[in-house]
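None of the figures in this text is laboratory data; all of them are computed from the coordinates on show. A quick note: this is a predicted structure, and the numbers were derived from the prediction, not measured. Glycine also receives a Cβ, built like all others from the backbone with ideal geometry; neighbour counts cover every protein chain displayed.
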């Protein structure tokens with residue numbers, strides 16, 4: 001499967017996983033055959049990393065690159081930019097897909113805190129790319145005309 005098509009397929013598949021990661025399910029062990037009461041599911045997979053991160057209003061990452069990533073807005077609003085593209089914003093339950101190795105930044109909008117779920121994918125060898133941190137995002141770049 002062509003890498004671009006595979007990455008899009010993964011993004012769609014994982015969008016559901018990312019949405020599920022924002023929910024809290026309580027499992028209660030009852031017996032070995034079925035150790036849960038109610039509905040439960042596993043989030044994550046071999047080589048896929050699922051995490052959640054919070055940002056105060058106006059907080060943001062530095063420019064960076066890493067493995068392909070899907071960001072799912074769990075609470076608040078996300079502001080992000082892929083180098084060479086305009087600043088963009090996403091609202092509650094929206095997603096952004098960032099291909100591997102693409103220089104970008106992301107964080108909260110100026111007036112609202114953010115919690116996002118991040119799903120990162122391995123490279124073709126089945127391993128995540130290390131995060132390469134770069135310079136801070138200037139206030140001028142951060143303010144740069146967010147388009148919705």
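Any idea how far apart residue 92 and residue 127 come out in nm if each label point goes 7 Å out from Cα toward Cβ?
So the label points at residue 92 and residue 127 sit 4.2 nm apart.
Roughly how compact is segment 42-139, stated as its Cα Rg over 2.2 N^0.38 Å to two decimals?
Compactness ratio reported: 1.04.
Suppose R0 equals 25 Å. What FRET efficiency, 1/(1 + (r/R0)^6) with r the Cβ-Cβ distance, do residue 102 and residue 39 give to the nearest 0.05?
FRET efficiency, residue 102 to residue 39: 0.10.
Just subtract the alpha-carbon distance of residue 135 and residue 62 from 0.36 nm times their residue separation and send over the number in nm, one decimal.
Once the chain is fully extended between residue 135 and residue 62, it gains 25.7 nm.
Could you list 95, 138, 115 in order of exposure, starting from the residue whose Cβ has the fewest other Cβ atoms within 10 Å?
Listed from fewest to most nearby Cβ atoms, that is 138, 115, 95.
For the pair residue 85/residue 52, report the inter-label distance in nm, with labels modelled 7 Å from Cα in the Cβ direction.
2.6 nm
Please figure out what share of the DSSP beta bridges in segment 42-148 is antiparallel and state it in percent, rounded to the nearest 5.
Bridges in segment 42-148 that DSSP calls antiparallel: roughly 95 percent.
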